[in-house]
1. Near residue 267, within a Cβ-to-Cβ distance under 14 Å, what is the net charge of the other residues, with Lys and Arg +1 and Asp and Glu -1?
2. Set the Förster radius R0 to 35 Å, insert the Cβ-Cβ distance between residue 44 and residue 204 as r into 1/(1 + (r/R0)^6), and round the FRET efficiency to 0.05.
3. Between Rg and the Kirkwood Rh of segment 29-145, both from Cα atoms, what is the Rg to Rh ratio?
4. Pairs of alpha-carbon atoms within less than 8 angstrom and 6+ residues apart define the contacts here; what relative contact order does segment 29-145 have, in percent?
5. So what are the three principal axis dimensions of the chain from its Cα atoms, in whole Å, longest to shortest?
6. Which whole-number percent gives the relative contact order of the chain, counting Cα pairs below 8 Å spaced six or more residues apart?
7. Return the FRET efficiency for the residue pair residue 188, residue 52: r is the Cβ-Cβ distance, R0 is 35 Å, and the value is rounded to the nearest 0.05.
8. Provide the gained length on full extension for the span residue 298 to residue 81, in nm with one decimal, where the gain is 0.36 nm per separating residue minus the Cα-Cα distance.
Amino acid sequence: MKTRAIRPMRTLLISAVLICAAWPLAQAADVAVNCGAKKNNSITAALAGLSKGGPNTVRIAGNCLEAVAIDGYDRLTLIGNPTATINDPTPEQGEEYEDTTVLSIADSDHVLVQAITVNGGAQGISCSGYSICRLVDVHVHNSLGNGVTYVRSSGFIADNTIIEDNAGAGLQVMNGSNVSLIPLNTTSVPIIQANGAGAIVTDDSHLQVSGVIQNNTGAGITAERGCNVRILGDPAAGWGFVTGNSGRGLFLRAATAHIRFATITGNASNGVEIAQLSLVRFTGPNTFTGNDSGSGAAALDVECSATTSVAIGGASGVAGGGVTNCVAETP
């Protein structure tokens, strides 16, 4: 009698386990969106039909005129064909009234955005609410504010991603965020260029730069209030460059940095300024030349501008072939 009672129960348990194991697989989807091909064919409509648990892939073609909000999704990939774009749907509002974020990602894990152009808006892409956002081969441009912003989130910006022509910062990393600008493929370098500022890092955030930050109207990188920046370069491969910015290359206030094999050249102000309560460790060799050209004989490629500025790495490592007023400390 006991054997007969156990067998149905065992069968039910096995069935329940198999159903639970199969459940995530049943939720996976791969859908296509061709914006403009027909009415209501949009990324927003496609997302509404997906399980938020994922994994899901949305393949995008055409010119999408919409503000896309990704909220609470896990394991989601948005991948475009070579000409796919997501555009600000309300460009006629003008600068005074513009408040659109073209692609916003919030409270979402492992979102990959690949091979898509994001155009216009008050902001191009935002990643917030402890999300993990990865941008690969993405072009973000023409925003009235920041190109890309991370708030209490993390991720990386990689492989041929170009963030340019945004009125604010190309990249802002804030409120404890952790972001890397890196080449996953060593020949495909991410670039931040021709923005109001290059990258702004604030409030206990971390940024690794193994890409290129160049030709921005303001500073290349500004880090303040408990932040850490690492510029890790490979001159032969063309990454780890902060060049040609109209302000400083790197400015630190109450922040730390590690600079290794970096090239920081041709910036209108100092290549590196270590201000109050800041510390930089230099390992290398690095190249710091041609900065602060407007100061003439007083030009400094690396400046310690406060009594609480600390530069570690030995005199030649700190100078990087340029001019410095820092009293280098040996590590």
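Please treat every number below as a calculation from the coordinates, not as lab data. Because the structure is predicted, anything quoted here is derived from the model rather than measured. When we count neighbours, we look across all protein chains shown, and the Cβ atoms used for this are built from the backbone with ideal geometry, even at glycine.
1. Working: positive: 248; negative: 273, 292, 301, 303.
With Lys, Arg at +1 and Asp, Glu at -1, the neighbours total -3.
2. 0.55
3. Details: Rg = 13.2 Å, Rh = 14.0 Å.
Result for segment 29-145 is an Rg/Rh of 0.94.
4. On the way: 325 pairs, mean separation 24.7, N = 117.
The value is 21 percent.
5. Dimensions of the chain along the principal axes of its Cα atoms: 93, 59, 34 Å.
6. Details: 1087 pairs, mean separation 24.3, N = 331.
The value is 7 percent.
7. Numbers: r = 31 Å, r/R0 = 0.89.
That gives a FRET efficiency of 0.65.
8. Numbers: separation 217, 0.36 × 217 = 78.12 nm, distance 5.11 nm.
Gain on stretching residue 298 to residue 81: 73.0 nm.
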